[in-house]
Amino acid sequence: MRIVVLVKQVFDPDAKVRLDAAGSVIEPDDPNAYVLNGYDAHAVEEALRLRESGVDAELAALSVGPPRVQNAVRRAMGMGVEQGVHLLGDVDDPFAVAQAVAAWLREHPCDLVLTGVMSSDRMQGLIGPLTAAALDWPCVTQAAELAIDRESGSAIVQQELEGGLRQEVEVELPAVVTVQSGPHRPRYPSLSNMLRARESELVQVELDTAALPQPHWQTVRIEQPQRTRAGLMLDGSPQRKAERLLSLLRERNVLAEAR
């Protein structure tokens, strides 16, 4: 079987960020501070675990975006994926991304599409369901564990629910499954795989962005939250700080005077 994992490159959650000149886009201070989306790393891990469980699977990682997203694809290849696919284009709207992915998958069929349940920058959770809708495939979201029933040709998904509950869902293939951060921690890429990924040639397709759906919304403005209160720094010796802290707590009726 063939499994395609959709991966996205996001700015490093630990990087310092700023607003662009128009105040409508958040971007990192360091233009190189981009990493593979953490949820998509879990999807890559699930694909690798499926193959290690005995499923005869060919794995590919696919990403949509500018040239820099190739690093995210190569990261997935460093984890163990054989093929990398880059749909080149300045496309960020989830409807356009899903249509671009679906168009490529129609020409290059697969049995299963995996992706993270959401991206850490947008947290919308749209790409998986929208891609499934464009392909008219079934979709299961928030998968914590995944297995393939080779006799029935279906996927068995442990789906995470509210309150720590799980339900088991069986879905016919081909299908789209979005992967939650479950018990399987994504593996660290091996040096040999990273060297192979660096030297491998990706399948690159330049998108006709004019033919894709136009953005369904526009970010008008992003603002920093209003500061409602400020912290207070206490100076002096440890004894002086303790006395001052005790006095402040009593002033705010947090502690009562000892009687």
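The values are calculated or read from the model by the stated rules, or taken from the named source; none is laboratory data. In this text, all values refer to a predicted model and were calculated from it rather than measured experimentally. Cβ coordinates were reconstructed from backbone atoms using ideal geometry, including for glycine residues, and neighbour counts include every protein chain displayed.
Rundown of residues vs (1) hydrophobic (A, V, I, L, M, F, W, C); (2) within 15 Å of Leu114 (Cβ to Cβ); (3) surrounded by fewer than 20 Cβ atoms within 10 Å (Cβ to Cβ); (4) at pLDDT 95 or above, yes/no style:
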{"residue": "Val25", "(1), (2), (3), (4)": "yes, no, yes, no"}
{"residue": "Asp30", "(1), (2), (3), (4)": "no, no, yes, no"}
{"residue": "Glu45", "(1), (2), (3), (4)": "no, yes, no, yes"}
{"residue": "Leu48", "(1), (2), (3), (4)": "yes, yes, no, yes"}
{"residue": "Val55", "(1), (2), (3), (4)": "yes, yes, yes, no"}
{"residue": "Leu59", "(1), (2), (3), (4)": "yes, yes, no, yes"}
{"residue": "Arg68", "(1), (2), (3), (4)": "no, no, yes, no"}
{"residue": "Val85", "(1), (2), (3), (4)": "yes, yes, no, yes"}
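All but one of (1) in contact (Cβ under 8 Å) with a residue 24 or more places away in the chain; (2) buried (at least 22 other Cβ atoms within 10 Å of the Cβ); (3) farther than 30 Å from Arg196 by Cα hold for Ala100; which doesn't?
Condition not satisfied by Ala100: (3).
Among the residues of the stretch 70-83, count how many are surrounded by 23 or more Cβ atoms within 10 Å (Cβ to Cβ) and assigned to a loop (DSSP other than H, G, I, E, B).
1
Determine whether the stretch 123-139 contains at least one residue that is small (Gly, Ala, Ser), modelled with pLDDT under 95 and either part of a loop (DSSP other than H, G, I, E, B) or surrounded by fewer than 20 Cβ atoms within 10 Å (Cβ to Cβ) (or both). It would help to see each step written out before you state the result.
Quick first cut of the stretch 123-139, residues small (Gly, Ala, Ser) only: 125, 128, 132-134.
Still in the running and modelled with pLDDT under 95: 125.
Restricting the remaining residues to those that are either part of a loop (DSSP other than H, G, I, E, B) or surrounded by fewer than 20 Cβ atoms within 10 Å (Cβ to Cβ) (or both) gives 125.
Within the stretch 123-139 (the criterion being small (Gly, Ala, Ser), modelled with pLDDT under 95 and either part of a loop (DSSP other than H, G, I, E, B) or surrounded by fewer than 20 Cβ atoms within 10 Å (Cβ to Cβ) (or both)), the answer is yes, since at least one residue qualifies.
If you check Leu249, Leu245, Leu232, Leu255, which single one turns out to be assigned to a loop (DSSP other than H, G, I, E, B), without any contact (Cβ under 8 Å) to a residue 40 or more places away in the chain and touching a Leu at 6+ places or on another chain (Cβ under 7 Å)? Give the steps one after another, and end with the answer.
Details: Leu249 fails: assigned to a loop (DSSP other than H, G, I, E, B); Leu245 fails: assigned to a loop (DSSP other than H, G, I, E, B); Leu232 fails: touching a Leu at 6+ places or on another chain (Cβ under 7 Å).
Exactly one residue qualifies, and that residue is Leu255.
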